[in-house]
Protein chains: 2
Amino acid sequence: MAKDKKARRPKAETPKGFRDYFGADVTERKAMLDTIAEVYHRYGFDPLESSGVETLDALGKYLPDVDRPHAGVFAWQEDDGDWLALRYDLTAPLARVAAQFRNDLPSPYRRYAMGPVWRNEKPGPGRFRQFYQCDADTVGAASVAADAEICAMLADTLEAVGIPRGDYIVRVNNRKVLNGVMEVAGVLDPADPDKHEHERGIVLRAIDKLDRLGEYGVRALLGEGRRDESGDFTEGAGLSDEQAEVVMGFMAAKRENGEATCTRLRELVAHSTIGSEGVTELETIAALLAAQGYGPERIELDPSVVRGLGYYTGPVYEAELTFEILDEKGRPRQFGSVAGGGRYDDLVKRFTGQAVPATGVSIGVDRLLAALREKGRAGATLQGPVIVTVMDRDRMADYQKMVGELRAAGIRAEVYLGNPKNFGNQLKYADKRNSPAAIIQGSDEAERGVVQIKDLVLGAKIAESASLEEWKSQPAQFEVPRADLVTELSSLLEKY
Amino acid sequence: MAKDKKARRPKAETPKGFRDYFGADVTERKAMLDTIAEVYHRYGFDPLESSGVETLDALGKYLPDVDRPHAGVFAWQEDDGDWLALRYDLTAPLARVAAQFRNDLPSPYRRYAMGPVWRNEKPGPGRFRQFYQCDADTVGAASVAADAEICAMLADTLEAVGIPRGDYIVRVNNRKVLNGVMEVAGVLDPADPDKHEHERGIVLRAIDKLDRLGEYGVRALLGEGRRDESGDFTEGAGLSDEQAEVVMGFMAAKRENGEATCTRLRELVAHSTIGSEGVTELETIAALLAAQGYGPERIELDPSVVRGLGYYTGPVYEAELTFEILDEKGRPRQFGSVAGGGRYDDLVKRFTGQAVPATGVSIGVDRLLAALREKGRAGATLQGPVIVTVMDRDRMADYQKMVGELRAAGIRAEVYLGNPKNFGNQLKYADKRNSPAAIIQGSDEAERGVVQIKDLVLGAKIAESASLEEWKSQPAQFEVPRADLVTELSSLLEKY
């Protein structure tokens, strides 16, 4: 029987690809999200918190992995036959909300949302199946002023959380320009927009991989296809050399400033109505941003930005951090993208049949937090509590009274609640908790009406580096009258 | 084809039992949780955020609904055969974390956690399938000082969020005393603890329903069973009259103060070792709380508290709000329970085989928030943004510049981004957003270098109640030099 019981013991493990966040990991993320929410709020965005669960139907098939619809989602069937699923982003739920509450919400509807999303993907190093997103979207605004504003807000947000100007760039492009290029290259026929859709999808994803594959790799994907180092073959778009050159020319269209870039783009899409419209939108965005003082050192036009998602219909944008870090092999590389978004005018239409213009950005919370740690703007350890040690188990009420006074004075403090027998364990516990001080009162001290304050910060410094002289001149433990405990400890903590 | 497409349009609906939170609902809950986290932090608790998904195995069968294990959980099977599930509370994940990281975590481990949990239950009015919990637990502390501390923290927390002293009571009991009573009543045999387990479960749940069913209903459940108004029959514990009287006597054991209650309890469990131990623990808790100044007006001993969950092994506690509200039929009733918890020494053992003492509390976030709204301590509408209206579509850059200046001065503001053609719609939008002011600059004002500030708060008041004289003396719209926009608007907003 006993053996049988043991065999049924569950494993204490997170499911594969999931993780726990402890202490400072939680508070740091929270502090960053609070700062972001402040910026979003100042820009007039209101919070929305939808539930983690949606009907599978409402979520739709908008994951980047278009080859496996519904793969990538955690879904299950209810007893009544309905399929439910965990949201994989915050945009699909917004589209559902915008449709469901379209008669009640203000229009335009500006909302921000922060929270976990889930992806049923193969986990890998640094790739988790639950992670945070932090989005801001404007639904119901057709004007590209809405796109320009979100780019400005993105720049402000990065600076507010601690990325200095010069260490980031927001890059803007327009899908309409890309469609113009496709038209010129002969893979988009305005009279039959569904034709060549498959090829265009491949072209889109190929351009999006420019950073990772380089020009040569992208060129291969535009043509016959590409075999990677592992031997896996990725299907190409089958473009002719001439067609591929048009696309490659587009990606290289960036010039010394926005005006020159637009001039070059206009040449490339000269014969495409949609393409010309896209260039005009880019010019408008640049002008609106310039009026508010966002120059190309913060927000620039860049034709190589396409964003992988299929649903974008107009301006697309992303924020890249430009400072260098060392990769896992010790080589320097740019930190890279931390946020992206664009205009998607068809997501709400899925529900209502009516086109609703919308644009928005999503910040990769974990990536941005990692960047802040790189820049030394996050990563502090949590300030531990003052530990009131237990010298005499029977005097627990006295120790609780002490800790009550400390807390009433706003000092983070606790009584040691483990087995008090071994005093060394109490100090080890204080050390593990990163405690600034320990309070000690044995029966002798109690009789004399005093307590000992042990300065653990100084103690650690002395243990680490100080000479005997310093040790003597700066005692890491001192006695104070019991009545002065709060004031004496407060002035000690002010030092740290 | 078109018809076919229409038929496949997804419904814009939250799944049954789920809901969305908008605007102030989100910020109010956040403000409350931030305040709670401050109190928990001051008490030495560290944050933990585990993922929403756990292995079904790790979650275990600890839902109150013991008759349908695994019913009540959203679960699905992965391709590799593993069963995953959404967490139904924050205690089961803590037990898993405490087991998984037992060699790294400090001991005792004090953690708090806040976040959504999911229950696959039949939704009803006010009953949702996703809701927030907010827990604090101490793992690895055998001393009832840990229980006392959590009761004190619960009282502090309620006052911190805005429940005045006198409007709440934390009630404490001990499962060991209840076990003593069970022993005296003959449904617990210390030599064979598994015997009568089914009956004890029924007794436990019956006592827990005292509030709802009254003494008569509980008495019926202790005996033959109970048929409710709808005709449904609930099985009883089958106790004899004599046995049932022992249990009923226990529930009525509360006396004028803690000391007298303990004296009465000692009489009831006189011949039970475990029962006497429980009474001693209650005395210790009362003494520790008294030493910190928590008298019975905040925390009292109350034998009728049992908490429904099967896993509690020692002290149990709950916070009840004692002020009256009107129920859906307009009858006054006490607001009732908003938090509860207790000692559970066996949850970590499930994983490791080693008993780990633990105790903790869970706050029902939505219930507490509803209580704050009742007390007028929450429920404010979100302050809307200042709306810069668009009089002249071609001058969007000017309007964006204005709004940029306002934001830089810390003023929540936005340019109207809908179709600007109908000016009335712009003011309706401002109204819907609860905007304090609108900024207006047509070409005439632009030429003269001025802007109009429309005071929407005053405007609304005038529209509502003021006489013609007041209207004239306090113009709700006034002109200021463009250069003074920020300062003039700032001083206006200071009034609100």
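Points worth noting:
- Tally, over the stretch A:227-251, of residues that are under 19 Å from A:V184 (Cα atoms) and in contact with a Ser or Thr (Cβ under 8 Å, 6 or more places away or on another chain): 1
- Flag for B:A483 being at pLDDT 95 or above, in contact with a Gly (Cβ under 8 Å, 6 or more places away or on another chain) and outside any strand (DSSP E or B): yes
- Count of the stretch A:125-157 residues, restricted to those that are assigned to a loop (DSSP other than H, G, I, E, B), over 22 Å from A:R102 (Cβ atoms) and out of contact with any Phe, Trp or Tyr (no Cβ under 9 Å at 6 or more places or on another chain), is 3.
- Test result for A:P116, at the interface with another protein chain (Cβ under 10 Å from one of its Cβ atoms) and not in a loop (DSSP other than H, G, I, E, B): yes
- Boolean, B:D147 is buried (at least 24 other Cβ atoms within 10 Å of the Cβ), of a type in the set (D, E, K, R) and within 14 Å of another protein chain (Cβ to nearest Cβ): yes
- Flag for A:D89 being without any contact (Cβ under 8 Å) to a residue 40 or more places away in the chain, assigned by TED's automatic domain parsing to the domain that holds A:Y294, assigned to a loop (DSSP other than H, G, I, E, B) and closer than 30 Å to B:A12 by Cβ: no
- Pairs linking a residue in the stretch A:206-222 that is under 14 Å from A:F233 (Cα atoms) to a residue that is exposed (fewer than 13 other Cβ atoms within 10 Å of the Cβ) and among the basic types (K, R), with Cβ atoms under 8 Å and 6 or more positions apart or on different chains, do not occur.
- Considering the stretch A:132-144, and only residues there that are surrounded by fewer than 24 Cβ atoms within 10 Å (Cβ to Cβ) and at the interface with chain B (Cβ under 8 Å from one of its Cβ atoms), the residue that is nearest to A:R298 (Cα to Cα) turns out to be A:A142.
- Taken together, the residues in the stretch B:154-166 that are within 14 Å of chain A (Cβ to nearest Cβ) and surrounded by fewer than 24 Cβ atoms within 10 Å (Cβ to Cβ) amount to 4.
- Filtered residues of the stretch A:167-216 (kept if among the acidic types (D, E), surrounded by 15 or more Cβ atoms within 10 Å (Cβ to Cβ) and within 22 Å of A:L301 (Cβ to Cβ)): A:D167, A:E183, A:D208
- Listed by position, the strands (runs of 3 or more DSSP E) inside the stretch B:349-448 whose residues that are without any contact (Cβ under 8 Å) to a residue 40 or more places away in the chain number at least 2 are B:413-415.
- When the residues of the stretch B:113-131 are filtered to those that are out of contact with any strand residue (DSSP E or B) (no Cβ under 8 Å at 6 or more places or on another chain) and closer than 19 Å to B:L86 by Cα, the one that is surrounded by the most Cβ atoms within 10 Å (Cβ to Cβ) is B:F128.
Listed here are the residues, each with its yes/no results for (1) assigned by TED's automatic domain parsing to the domain that holds A:D89; (2) at negative phi; (3) more than 28 Å from the chain's Cα centre (by Cα); (4) not hydroxyl-bearing (S, T, Y).
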residue	(1), (2), (3), (4)
A:G201	yes, yes, no, yes
A:G225	yes, no, yes, yes
A:V246	yes, yes, yes, yes
A:N257	yes, yes, yes, yes
A:E277	yes, yes, yes, yes
A:G295	yes, yes, no, yes
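- Scanning the stretch A:322-365 for residues being under 25 Å from A:G60 (Cβ atoms) and either charged (D, E, K, R) or away from chain B (no Cβ under 14 Å) (or both) gives a total of 15.
- Hey, A:R110 in contact with a Ser or Thr (Cβ under 7 Å, 6 or more places away or on another chain), within 11 Å of another protein chain (Cβ to nearest Cβ) and surrounded by 20 or more Cβ atoms within 10 Å (Cβ to Cβ) or not: yes
- Breaking point among (1) of a type outside the set (A, V, I, L, M); (2) at pLDDT below 95; (3) closer than 28 Å to A:L154 by Cα, for A:S50: (2)
- Only one entry of B:M402, B:M391 meets the criterion of being more than 12 Å from every other protein chain (Cβ to nearest Cβ) and among the aliphatic types (A, V, I, L, M), and that entry is B:M391.
- Considering residues of the stretch B:3-39 that are more than 10 Å from chain A (Cβ to nearest Cβ) and more than 14 Å from the chain's Cα centre (by Cα) only, the residue modelled with the lowest pLDDT: B:K3
- Looking across the stretch B:363-389, the residues that are in contact with a strand residue (DSSP E or B) (Cβ under 9 Å, 6 or more places away or on another chain), surrounded by fewer than 20 Cβ atoms within 10 Å (Cβ to Cβ) and more than 30 Å from B:M402 (Cβ to Cβ) come down to B:G364, B:D366, B:R367, B:A370, B:E374, B:K375.
- A:L493 at pLDDT 90 or above, within 17 Å of A:T389 (Cα to Cα) and assigned to a helix (DSSP H, G or I): no
- For B:Y399, the conditions (1) surrounded by 18 or more Cβ atoms within 10 Å (Cβ to Cβ); (2) closer than 23 Å to B:A24 by Cβ all hold with the exception of (2).
- Verdict on B:R102 being over 20 Å from A:P116 (Cα atoms), of a type in the set (K, R), out of contact with any strand residue (DSSP E or B) (no Cβ under 8 Å at 6 or more places or on another chain) and more than 7 Å from chain A (Cβ to nearest Cβ): yes
- Complete set of residues in the stretch B:407-450 that are more than 38 Å from the chain's Cα centre (by Cα), of a type in the set (V, I, T) and within 21 Å of A:A152 (Cβ to Cβ): B:I439
- Top-ranked residue of the stretch B:59-77 - restricted to ones that are assigned to a loop (DSSP other than H, G, I, E, B) and at pLDDT 85 or above, ranked as farthest from B:D345 (Cα to Cα): B:F74
- When each of B:R333, B:R307 is tested for being outside any strand (DSSP E or B) and among the basic types (K, R), the lone residue that passes is B:R307.
- Taking the stretch B:290-307 as the range and being surrounded by 15 or more Cβ atoms within 10 Å (Cβ to Cβ), away from every other protein chain (no Cβ under 14 Å) and either over 30 Å from B:T273 (Cα atoms) or not charged (D, E, K, R) (or both) as the test, the residues that pass are B:P296, B:L301, B:P303, B:S304, B:V305, B:V306.
The values are calculated or read from the model by the stated rules, or taken from the named source; none is laboratory data. Worth saying up front: this structure is predicted, and the values here are computed from it rather than measured. Cβ coordinates were reconstructed from backbone atoms using ideal geometry, including for glycine residues, and neighbour counts include every protein chain displayed.
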